[in-house]
Amino acid sequence: MANRLGLRRLPAIRLVDARISPMVWCGWRPMLILPTALWRELDHVGRCAILCHELAHLRRRDHWVLRLDLLVSVLFWWHPVAWWTRRRIHEEADNCCDAWVTWLMPRNRRAYAEALLKTRVYIEKTTQATPAMGVAVTTPGARRLARRLTMVMAVQAAFQPL
């Protein structure tokens with residue numbers, strides 16, 4: 001998958017027991033951090049799709065954009081436009097990486113959408129009581145996920161990778 005994305009080097013991979021989303025962490029060397037329990041829940045295609053999404057963040061060099069984003073957020077922490085822009089940058093980065101996954105794995109859109117849902121359920125599992133279904137569907141996070149799933153399943157964009 002890394003070769004198809006055009007990555008020269010593979011990041012180190014770390015499996016952790018924390019209840020976190022899969023992510024790329026970029027310190028001195030990029031590292032792909034994957035939660036062990038979620039990894040066990042996903043099938044082979046779902047794992048490949050999640051890996052593709054995270055590697056696409058590396059290929060797009062999103063970690064450099066996020067460093068700049070952090071600097072702007074520190075300098076303009078008081079300005080609402082800074083927070084709105086930060087949220088949009090994160091959303092658009094995920095949308096772009098979703099497009100890479102659907103471009104590289106066009107026949108596996110459903111498996112990727114299911115992997116996204118399993119990831120969301122995994123992250124939100126808590127010992128606390130969950131809200132009524134109608135309340136959960138109207139949250140901003142649920143609306144963003146619904147938009148992402150719609151894009152993954154339906155949008156046929158003319159995608160050209162870098």
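The values are calculated or read from the model by the stated rules, or taken from the named source; none is laboratory data. Since the model is a prediction, treat every value here as computed from it, not as a measurement. Every residue, glycine as well, gets a Cβ built from its backbone with ideal geometry; the counts of neighbours run over all protein chains shown. Surface areas here come from the heavy atoms of the whole protein model, side chains and all, with no ligands, DNA or RNA. Shrake-Rupley method; radii C 1.70, N 1.55, O 1.52, S 1.80 Å.
Structure notes:
- Note that the chain presents 66 Å² accessible area per residue, ligands and nucleic acids not counted, probe 1.4 Å.
- Linear extension gain, VAL121 paired with ALA2, 0.36 nm per residue minus alpha-carbon span: 40.2 nm
- Three-way shape call for segment 38-105 based on the alpha-carbon gyration tensor, with the a/c threshold at 1.5: prolate
- Cβ-placed point charges (K, R +1; D, E -1), dipole of the chain about Cα centre in debye, nearest 20: 280 debye
- MRE, 222 nm, helices only [DSSP H, n ≥ 4, -39500 (n - 2.57), over the chain, to nearest 500]: -20000 deg cm²/dmol
- Estimated FRET transfer efficiency when R0 is 25 angstrom, pair TRP83-VAL155 (beta carbons, to 0.05): 0.35
- Residue-count net charge about GLY27 - beta-carbon cut-off 13 Å; Lys, Arg +1, Asp, Glu -1: +3
- Per the Debye formula on identical point scatterers at the alpha carbon atoms of the chain, with no solvent, log10 I(q)/I(0) at q = 0.10, 0.17, 0.20 Å⁻¹ is -0.40, -1.19, -1.50.
- Whole-percent carbon and sulfur share, accessible surface of the chain, 1.4 Å: 62 percent
- Karplus-derived 3J(HN,Hα), 6.51/-1.76/1.60, for each residue of segment 49-60, Hz, glycine and proline x: 5, 5, 4, 4, 4, 5, 5, 5, 4, 5, 4, 7
- A Cβ-based charge dipole, computed about the Cα centre of segment 84-126 with Lys and Arg at +1 and Asp and Glu at -1, lands at about 100 debye.
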